[in-house]
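Below you'll find the structure, written out as structure tokens, and then a few comments.
The values are calculated or read from the model by the stated rules, or taken from the named source; none is laboratory data. Bear in mind the structure is a predicted one, so any value in this text is a computation, not a measurement. Reconstructed Cβ throughout: ideal geometry from the backbone, glycine too, with neighbour counts over all protein chains shown. Heavy atoms of the whole protein, side chains included, go into the accessibility calculation; ligands, DNA and RNA do not. Shrake-Rupley method; radii C 1.70, N 1.55, O 1.52, S 1.80 Å.
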2 protein chains.
Amino acid sequence: MPKRDPGTGSENGIIQFLQDRYSKPDPSIKKGIGDDAAVIRRGKSGEYWLVTTDMLVEGIDFRLDWITPRQLGAKSISANLSDIAAMGGRPRFYTVSLGIPPRMPGRWISEFYRGLTQQGFRYGALLIGGDLSSVRESITVSIAMLGESVGRKVLYRSGGGRNDLLYVTGTLGRSDAGLRLLQQGVKRPGSRPGKQAIRAHLQPDPRCEAGLWLAQSGLVRCMMDLSDGLSADLPRLCAASGTSAEVDTSLLPVFREAEKWDLDPLHSALHGGEDFELLFAVKKNRAALFEKSYPRSLPPATRIGRMTGGGGEVWVISAGRNRQRLDSLGYDHFR
Amino acid sequence: MPKRDPGTGSENGIIQFLQDRYSKPDPSIKKGIGDDAAVIRRGKSGEYWLVTTDMLVEGIDFRLDWITPRQLGAKSISANLSDIAAMGGRPRFYTVSLGIPPRMPGRWISEFYRGLTQQGFRYGALLIGGDLSSVRESITVSIAMLGESVGRKVLYRSGGGRNDLLYVTGTLGRSDAGLRLLQQGVKRPGSRPGKQAIRAHLQPDPRCEAGLWLAQSGLVRCMMDLSDGLSADLPRLCAASGTSAEVDTSLLPVFREAEKWDLDPLHSALHGGEDFELLFAVKKNRAALFEKSYPRSLPPATRIGRMTGGGGEVWVISAGRNRQRLDSLGYDHFR
């Protein structure tokens, strides 16, 4: 029986509450609340629309002394682009609601929209409207995006199964390393890895091309993007697929250069947010075919573990140690 | 030549800047920035999608001591429903981004979503997704809505012409009267008009049915909804249509009961925001037909003036006085 209210617990708890209560079946909604984007049927034939929204709040999600308005515009839309990528879709249109203090300079506003629209354009998405509001304090950006399926091939968080192999694109923990550098007061690092880390945090590149290929390949069973960190997101993939998972830490594509700054690359890879890489599962007997056919032009896909039977639990295996339960240390807005 | 930045001027100025710069023609976009909703082609045939977004910010757009969470949910979505109504479309789907302080009670959250989804459902719109964020201070709600045209009949702000007659639905200034009552500390007025006024402010009823009829009638040339007040919105309709306008104050359907509370009903009707009534123009030689065929079951449509030649100026005529320029005293976030 659905609960009366979501309590004050956690983001997952609130979303679960909404999903239980409001994902009523309607023939036009193929997937409602609870995945990276909603999936809407347009008619008996034709492509699906993918719909997603994200909100960024100053002081919680970004700081104006770290990010330029142009970078903020680009970053704001990247979360939405990544959601569409995670469904295997193609970004098309977006609206932006922007809340700014009344005396914000015109130059700031134009730079924000420049960053936003350039990043959108790069991935094929066009600005079609929005709303402007004044705020007293924290700048707030909320973007809603429409994407489109290609050949109706959409990937969900559900669909994975026991013994599927788990993969991620790119490097994990790089954005977190960038955040730590900024927290240490390093805004303009001299080293190449330092620059990469800060760029990953301030100007993430969503994996739209990879997402599209993965959906088209027919080899992927389920997918999501990594926005809150592997330890927060992998349990969501498992819960949706009705599995648990084991991650082999020795396989993780960590951002090793972070060691130089006294950071633990493994910790960042497991718990750091905003990498906007893709996490997906491939059936074991198709893994060899997948690894052979995955294009070299895309960000590398790395096998990190496997799905197991069970109910949404994630375990890590490290050489010479017993397997350990991976608790989410990723960011939760309501914990 | 488009300006480099929008200055710090006004909401209109910023929107004009965005429109000049970003409403690039794309074959799939029938109407981009600058109307109540964007209009997207889905293919060579089939209906258009209408897309709109609105943001409400605590302390600017609402106060928690005046509005219950259920009313806030309903009010948040009403602005979007009204935008779809203003295009003559049918609401279908929406996402909601909600920013709330970390310790918001679960009961508040469930009541908010209850009000939101009940109001959406009443007008045929279904919740398909969203985002949750924590905020430090002001609760922020941003909703994006997808609507659909019916028979591809969509009404724009543009399309009006000289000598067209102007009409509004319902009563103007009632929401403003409700706001004034609340500001005077009257939360539970005893009188029926008082209750009506506060209800109009806290739980507005968007004119979806009327909007749909008006678009289907084939008699309406342009339309928008009244969200910022007649003195702010009518110049926008005129600017889009390349006209000016004259409003006859003796014709305005003011909320006369507001006199009892020492309010000026005419002032509220001209400048008060959030009535969410529809404002539209009918060609003069079709006005009689329009008035005869407009259904009595819908909120009354009242003729309030006419469009004239010129460039976006609005004049008021009052009995026994020279015509006067109507300056916008409606709310502008950035003035």
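The set of residues in segment A:183-225 that are crowded, with 19+ Cβ neighbours inside 10 Å and without any contact (Cβ under 8 Å) to a residue 40 or more places away in the chain contains only A:198. Applying the criterion of being within 9 Å of chain A (Cβ to nearest Cβ) and out of contact with any strand residue (DSSP E or B) (no Cβ under 8 Å at 6 or more places or on another chain) to the residues of segment B:35-67, the residue that is modelled with the highest pLDDT is B:59. Do we find a residue being under 22 Å from residue A:76 (Cα atoms), open to solvent by 50 Å² or more (accessible area, probe 1.4 Å), more than 14 Å from chain B (Cβ to nearest Cβ) and not in a loop (DSSP other than H, G, I, E, B) anywhere in segment A:151-170? No, segment A:151-170 contains no residue that is under 22 Å from residue A:76 (Cα atoms), open to solvent by 50 Å² or more (accessible area, probe 1.4 Å), more than 14 Å from chain B (Cβ to nearest Cβ) and not in a loop (DSSP other than H, G, I, E, B). Report those helices (runs of 4 or more DSSP H) wholly inside segment B:225-335 carrying at least 1 residues which are under 30 Å from residue A:104 (Cα atoms) and not basic (Lys, Arg). So the answer is B:230-241, B:265-271.
Tell me whether segment B:282-292 contains one or more residues that are at positive phi and open to solvent by 90 Å² or more (accessible area, probe 1.4 Å). Checking segment B:282-292: not a single residue is at positive phi and open to solvent by 90 Å² or more (accessible area, probe 1.4 Å).
Within 12 Å of chain B (Cβ to nearest Cβ) and either open to solvent by 40 Å² or more (accessible area, probe 1.4 Å) or in a strand (DSSP E or B) (or both), is that true of residue A:146?
Numbers: within 12 Å of chain B (Cβ to nearest Cβ): yes; either open to solvent by 40 Å² or more (accessible area, probe 1.4 Å) or in a strand (DSSP E or B) (or both): yes.
For residue A:146, the condition - within 12 Å of chain B (Cβ to nearest Cβ) and either open to solvent by 40 Å² or more (accessible area, probe 1.4 Å) or in a strand (DSSP E or B) (or both) - is met.
Could you go through segment B:177-187 and let me know if any residue there is of a type in the set (A, V, I, L, M, F, W, C), out of contact with any helix residue (DSSP H, G or I) (no Cβ under 6 Å at 6 or more places or on another chain), facing chain A (nearest Cβ under 10 Å) and over 23 Å from residue B:249 (Cβ atoms). No, segment B:177-187 contains no residue that is of a type in the set (A, V, I, L, M, F, W, C), out of contact with any helix residue (DSSP H, G or I) (no Cβ under 6 Å at 6 or more places or on another chain), facing chain A (nearest Cβ under 10 Å) and over 23 Å from residue B:249 (Cβ atoms).
The lone criterion from (1) in contact with a helix residue (DSSP H, G or I) (Cβ under 8 Å, 6 or more places away or on another chain); (2) more than 8 Å from every other protein chain (Cβ to nearest Cβ) left unmet by residue B:22 is number (2). If a residue must be surrounded by fewer than 24 Cβ atoms within 10 Å (Cβ to Cβ) and either at pLDDT 95 or above or assigned to a strand (DSSP E or B) (or both), how many such residues does segment A:133-143 contain? Counting residues in segment A:133-143 that are surrounded by fewer than 24 Cβ atoms within 10 Å (Cβ to Cβ) and either at pLDDT 95 or above or assigned to a strand (DSSP E or B) (or both) gives 3.
Go through segment B:114-127 and give me each residue that's within 22 Å of the chain's Cα centre (by Cα) and either crowded, with 23+ Cβ neighbours inside 10 Å or not in a loop (DSSP other than H, G, I, E, B) (or both). Can you show your working first?
Initial filter on segment B:114-127 (within 22 Å of the chain's Cα centre (by Cα)): B:115-127.
Of everything in segment B:114-127, those that are within 22 Å of the chain's Cα centre (by Cα) and either crowded, with 23+ Cβ neighbours inside 10 Å or not in a loop (DSSP other than H, G, I, E, B) (or both) turn out to be B:115, B:116, B:117, B:118, B:119, B:120, B:121, B:122, B:125, B:126, B:127.
Taking each residue of segment B:312-332 that is closer than 22 Å to residue B:10 by Cβ and looking for partners that are modelled with pLDDT of 90 or more and of a type in the set (Phe, Trp, Tyr) with beta-carbon atoms closer than 8 Å, six or more apart or interchain, yields B:324/B:315; B:325/B:315; B:326/B:315. Among residues that are at the interface with chain B (Cβ under 9 Å from one of its Cβ atoms), closer than 20 Å to residue B:5 by Cβ, among the small types (Gly, Ala, Ser) and not in a helix (DSSP H, G or I), residue A:130 is included.
Across segment A:82-99, the number of residues qualifying as closer than 20 Å to residue A:200 by Cβ and among the hydroxyl-bearing types (Ser, Thr, Tyr) comes to 1.
Residues of segment B:68-121 that are touching a strand residue (DSSP E or B) at 6+ places or on another chain (Cβ under 8 Å), among the small types (Gly, Ala, Ser) and facing chain A (nearest Cβ under 8 Å): B:97, B:99. Taking (1) open to solvent by less than 40 Å² (accessible area, probe 1.4 Å); (2) out of contact with any Lys or Arg (no Cβ under 6 Å at 6 or more places or on another chain); (3) within 27 Å of residue B:118 (Cβ to Cβ) in turn, residue B:252 satisfies each apart from (3). With a requirement of 1 or more residues that are among the polar types (S, T, N, Q), crowded, with 17+ Cβ neighbours inside 10 Å and at negative phi, the strands (runs of 3 or more DSSP E) lying completely within segment A:1-112 that satisfy it span A:49-57, A:90-100.
Pairing residues of segment A:72-95 that are under 11 Å from residue A:209 (Cα atoms) with residues that are open to solvent by 10 Å² or more (accessible area, probe 1.4 Å) and polar (S, T, N, Q), at Cβ distances under 8 Å and at least 6 apart in sequence or on separate chains, gives A:81/A:119; A:82/A:227; A:88/A:216.
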